[in-house]
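The structure appears right after this line, and notes come after that.
Values in this text are rule-based calculations from the coordinates and carry no lab data. Worth saying up front: this structure is predicted, and the values here are computed from it rather than measured. All Cβ positions, glycine included, derive from the backbone under ideal geometry; neighbour counts span all protein chains shown.
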Amino acid sequence: MLNKIEHVALAVADLDAAVAHYADTWGLEVEHRERVEDQGVEEAMLPLGDSYLQLLGATGPDTTVGRFLATRGEGLHHIAYEVDDLPAALAGLKDKGVRLIDEAPRRGGRGHLVAFVHPKGNHGLLVELIQRPRSG
């Protein structure tokens with residue numbers, strides 16, 4: 001079902017400072033940056049091999065990432081796995097009794113379809129499943 005790790009996401013308090021840190025310290029440059037209003041985040045995608053490091057800044061304190069930062073501080077937020085057929089992947093997980101945050105795909109950054117698996121259904125790890133836009 002899983003193709004690869006699409007990205008590892010870090011919640012950061014100051015997105016510009018984090019982008020500068022990863023450029024200066026690790027030589028990683030932003031390939032894509034956007035604000036995803038319905039998720040309450042601004043994201044910066046830094047290519048790293050065949051996947052990405054995603055830096056997530058909150059658009060406000062009452063967003064998911066804003067609350068995460070307030071309670072846990074900066075750090076690992078989630079890991080995203082790429083799948084070919086997101087609706088089928090969600091149906092399969094639901095059939096197995098895995099707790100989902102999203103039972104249906106929704107639009108995420110870069111035009112991808114996304115859905116989240118609850119950390120309580122995955123040994124404490126928040127997982128994002130991603131289906132890339134189909135070409136043509």
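Brief remarks follow.
- Taking GluC sites (Glu not before Pro) across segment 45-136, the ones in a DSSP loop with at most 11 further Cβ atoms lying within 10 angstrom of their Cβ are GLU103.
- For HIS32, the residues whose amide H sits under 5 Å from its own are MET45, ignoring neighbours fewer than 5 places away on the same chain, with H placed 1.01 Å from N.
- Neighbour net charge for ALA20 - beta-carbon separation under 14 angstrom, K R +1, D E -1: -3
- Spin-label model distance (nm) - ASP38 vs TRP26, 7 Å beyond Cα toward Cβ: 2.9
- GNM on the chain, alpha-carbon springs under 10 angstrom: the most fluctuating residue among VAL12, VAL83, VAL98 is VAL98.
- Helix 15-26 and the long axis of the chain differ in direction by around 80°, with both axes built from C-alpha atoms.
- Residue-averaged 222 nm ellipticity for the chain, from DSSP H runs of 4+ at -39500 (n - 2.57), nearest 500: -7000 deg cm²/dmol
- Trypsin sites (Lys or Arg not before Pro) within segment 88-131, DSSP loop, no more than 15 other Cβ atoms inside 10 Å: LYS96, ARG99
- Options [x] 16.1, 57; [y] 14.7, 46; [z] 14.5, 39 - which one matches Rg and Dmax of the Cα atoms in Å as calculated here: [y]
- Cα shape, segment 72-113, gyration tensor, a/c 1.5 rule: oblate
- Charge dipole (debye, nearest 20) of the chain; +1 at Cβ of Lys and Arg, -1 at Cβ of Asp and Glu: 520
- Cross-link reach is defined here as a Cα-Cα straight distance under 17 Å, omitting same-chain residues fewer than 8 places apart; for LYS120 the lysines meeting it are LYS94, LYS96.
- Proximity of backbone amide H atoms, modeled 1.01 Å from N, is registered between LYS4 and GLU82 at under 5 Å, excluding neighbours fewer than 5 places apart on the same chain.
- Considering only LEU93, THR71, SER51, the residue lying farthest towards the positive end of the dipole of segment 2-131 is LEU93, judged by Cα position with unit charges set on Cβ.
- Amide proton proximity set for VAL41, modelled H, under 5 Å, gap of 5+: VAL36, THR59
- Extension gain from ARG134 to LYS4, taking 0.36 nm per residue of separation minus the Cα-Cα distance: 45.1 nm
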